[in-house]
1. Return the total of residues in segment 368-388 being part of a loop (DSSP other than H, G, I, E, B), over 11 Å from the mean Cα position of the chain (by Cα) and closer than 13 Å to GLY341 by Cβ.
2. Report every pair of residues separated by at least 6 positions or lying on different chains whose Cβ atoms are under 7 Å apart, first residue within segment 758-774 and under 30 Å from SER123 (Cβ atoms), second hydroxyl-bearing (Ser, Thr, Tyr) and surrounded by fewer than 22 Cβ atoms within 10 Å (Cβ to Cβ).
3. So GLY190 passes all but one of these: (1) within 36 Å of the chain's Cα centre (by Cα); (2) at pLDDT below 95; (3) not β-branched (Val, Ile, Thr). Which condition number does it fail?
4. Being within 24 Å of LYS503 (Cβ to Cβ), out of contact with any Leu (no Cβ under 9 Å at 6 or more places or on another chain) and not β-branched (Val, Ile, Thr) is the filter here, so list the residues in segment 628-661 that pass it.
5. Conditions first: (1) of a type outside the set (Lys, Arg); (2) in a helix (DSSP H, G or I); (3) without any contact (Cβ under 8 Å) to a residue 60 or more places away in the chain. PRO548 passes all but one, so which condition is the exception?
Amino acid sequence: MDGPRSDVGRWGGNPWQPPTTPSPEPESDRRSRGGGRSFWARCCGCCSCRSGTDDDSGPEPHGDRGSGSRGRGSSSARRRPNSRGSDSRPPVSRGSGVNAAGDGTIREGMLAVTGVDLLSSRSGENRREHHTDEYEYDELILRRGQAFHMVLFLSRPYESSDSITLELHIGNNPEVGKGTHVIIPVGKGGSGGWKAQVTKSSGQNLNLRVHTSPNAIIGKFQFTVRTHSEAGEFLLPFDAHNEIYILFNPWCPEDIVYVEHEDWRQEYVLNESGRIYYGTEAQIGERTWNYGQFDHGVLDACLYILDRRGMPYGGRGDPVSVSRVISAMVNSLDDNGVLIGNWSGDYSRGTNPSAWVGSVEILLSYLRTGYSVPYGQCWVFAGVTTTVLRCLGLATRTVTNFNSAHDTDTSLTMDIYFDENMKPLEHLNHDSVWNFHVWNDCWMKRPDLPSGFDGWQVVDATPQETSSGIFCCGPCSVESIKNGLVYMKYDTPFIFAEVNSDKVYWQRQDDGSFKIVYVEEKAIGTLIITKAIGSNMRDNVTHIYKHPEGSEAERKAVETAAAHGSKPNVYATRDSAEDVAIQVEAQDAVMGQDLTVCVVLTNRGSSRRTVKLHLYLSVTFYTGVTGSVFKESKKEVVLAPGASDRVTMPVAYKEYQPHLVDQGSMLLNVSGHVKENGQVLAKQHTFRLRTPDLSLTLLGAAVVGQECEVQIVFKNPLPVALTGVIFRLEGSGLQRPKILNVGDIGGNETVTLRQTFVPVRPGPRQLIASLDSPQLSQVHGVIQVDVAPASGGGGVFSDAGDNSRSGETIPMASRGGA
């Protein structure tokens, strides 16, 4: 871990490798790819017929631009929030209107709109009823398919002969037929679920109740009012204060993203933090992730992602299309999306993926600069995807699959090749089994599929294989995965192989051909988990992805899927002599300490058996890419009928330390040959070296608007010094992303540092920290902070500049030895 290695991971030759300066793709290059076909033609069949003259698409802004309507940059992303607090109401917009002739003349008797109050206060009824009161925005944020209230201020009292029409615009060329220009006549009903009624008329004030369509496009709309009276027509000009965000609505039964259970909505839509699991099935690690979907600027970043690749506004009401483009845009391949993937171990030009503690810093950097952020790996891609989809209103969770297969040849099996002596032939082993892989489930109906495939859909933003020529994956119905229906869209074959393929061992024969010597049926997708609802416990969701291992239904699903793969007859030649069983015992190995691996052989037969056993130990990336073997052992074991024997191999720290790669994982390849019956034994076992946690302690009570202090304690587990140590600190409602440079930490040294922060929102919050250095990563910690409201009630939020500093050098409060 002291420098770059030649093994750069599964995508070593691909263009995601660290660029000198990450930059947006040149316009000419972007348009030349795919034979001149647009992103939408390649990504989504329903958009492939869009003509070149159709400009119902988002802008492709570069640099310091946000998501905006009609091709403008977002003013709210740039505008510094005021300090009025969440309970204050934004100023009522007022301004001069125009008549139908457009000359600005307001004739006597004309019904002019002198102002609009969208009642957008975070503590007001609109925001609370729409469950958007946590968004750190002053603008009105709505969920579609639900009513909201507003007040119009008029130049004279409203009369029954007057006609008032509300209008919403989004996109470069708003059209009624595409849903990008919405016309809502007051008191006359509407179309597609849009309608508005007068609830109160008092003097020159008119109170309205407006109902949005459950199929509305999501995004930021411009709002205006048109009136018609005997004296003429009046049009209220657009005002930035009147922009309205509309999101998906899991609370609305008519919305196809509807979620029935309130506890699900609280967890999968409104929870701002969660747990992400990693490691191995036997050694599960967990880390807290700050999703931060309500932090100021994050909503604009999410809409900017849709704009950046030119997603047609008319398609933004469809969660299938939206989730598919998010899976493509969260990674940088093809699209100059949010995150640059890097599995090389060299992160000198960016941030080690293990060092991130949340999505906010990543998304705000992308919004601010327009440049892809270095670097991400699967849990970072999944964490950011959860943030984006929850922010837009989709119920989403982060899911970890242990022993996740990466099928490179569409065989729907994991093929591992060995020589005559059962030593792995790495140059042929293109398929790989990741120790773990993290993706997302999001909840929606699938009107584009036959009935029975609604519910959880897999979306995977990690760039592994292309789909329709681009690096995206999903949405894919979990039900189709469970039953091996690999012909269902999108990307079911690849995801099925990740969770339910068999591991097939091929041995080279004397004539150079290969023969199947062993099929391991329970090696892939051994455990699939996510954070439980309402707690930090694990929720085992393996059963929704696959039938019980070994059951008739599970075997039928596997063989049905394999029949559609590139090796449909793979199960035709299988040997059955298996009276000697092999098992690897897991050990709690700790980074910096010696360890021992142990293999147990059991003779389940009635005759004596002689086994020639080979053990090969190598380091491995969590993606299954292995380094060279650095230790091996050979032994002959004689087993009496029904007897067992243990074979151990000690490994010293000084033996494995020079070879360590990310995550501190190792791969034990065990192979053997039974002399009496020719049985071939094969087993692969991955284990990781456990790293220490950061210890966080809150020093005093936390109150909105008042400074609070946290203490962080860390002990270096290694006998060598950690250099260039960086801490990260982040927590929604507590602390904007903050980077702390603390210098070097000596071998086995304990350090303590203290940091202050000012909570901006009340309630239970998570403050998350991480440590990173070239010698040690994957170190993190979390503390729950219960924030009391300020004496005046509510909260006060500020832009990034107030409560965060980047690259600050922090002196240690104290140091101690071991």
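1. Taking segment 368-388 and keeping what is part of a loop (DSSP other than H, G, I, E, B), we get 370-372, 377.
From what's left, over 11 Å from the mean Cα position of the chain (by Cα): 370-372.
Filter once more, keeping what is closer than 13 Å to GLY341 by Cβ: 372.
Count: 1.
2. Pairs found: VAL760/SER798.
3. Every condition holds for GLY190 apart from (1).
4. SER628
5. (2)
A quick yes/no check of all residues on (1) more than 22 Å from GLU730 (Cβ to Cβ); (2) assigned to a helix (DSSP H, G or I); (3) in contact with a helix residue (DSSP H, G or I) (Cβ under 7 Å, 6 or more places away or on another chain):
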{"site": "SER321", "(1), (2), (3)": "yes, yes, yes"}
{"site": "ARG324", "(1), (2), (3)": "yes, yes, yes"}
{"site": "ALA328", "(1), (2), (3)": "yes, yes, yes"}
{"site": "LEU333", "(1), (2), (3)": "yes, no, no"}
{"site": "GLY337", "(1), (2), (3)": "no, no, yes"}
{"site": "TYR347", "(1), (2), (3)": "no, no, no"}
{"site": "THR351", "(1), (2), (3)": "no, no, no"}
{"site": "GLU361", "(1), (2), (3)": "no, yes, no"}
{"site": "TYR366", "(1), (2), (3)": "no, yes, yes"}
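Here is a yes/no grid of residues against (1) of a type in the set (Val, Ile, Thr); (2) assigned by the TED database to the domain that holds GLN735; (3) open to solvent by less than 10 Å² (accessible area, probe 1.4 Å):
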{"site": "SER273", "(1), (2), (3)": "no, no, no"}
{"site": "TYR277", "(1), (2), (3)": "no, no, yes"}
{"site": "GLU281", "(1), (2), (3)": "no, no, no"}
{"site": "ARG287", "(1), (2), (3)": "no, no, yes"}
{"site": "GLN293", "(1), (2), (3)": "no, no, yes"}
{"site": "VAL298", "(1), (2), (3)": "yes, no, yes"}
{"site": "ALA301", "(1), (2), (3)": "no, no, yes"}
{"site": "ILE305", "(1), (2), (3)": "yes, no, yes"}
{"site": "MET311", "(1), (2), (3)": "no, no, yes"}
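So that you can scan it fast, the table gives a plain yes or no per residue for (1) crowded, with 23+ Cβ neighbours inside 10 Å; (2) under 25 Å from SER121 (Cα atoms):
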| position | (1), (2) |
| --- | --- |
| HIS131 | no, yes |
| TYR135 | yes, yes |
| ARG156 | no, no |
| ILE164 | yes, yes |
| ASN172 | no, no |
| THR180 | yes, no |
| GLY187 | no, no |
| PRO214 | no, yes |
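The values are calculated or read from the model by the stated rules, or taken from the named source; none is laboratory data. Not measured: the values here are computed from a predicted model. As a convention, Cβ positions derive from the backbone with ideal geometry for all residues, glycine included, and neighbour counts pool all protein chains shown. All accessible areas refer to the heavy atoms of the entire protein, side chains included, with ligands and DNA or RNA removed. Shrake-Rupley method; radii C 1.70, N 1.55, O 1.52, S 1.80 Å.
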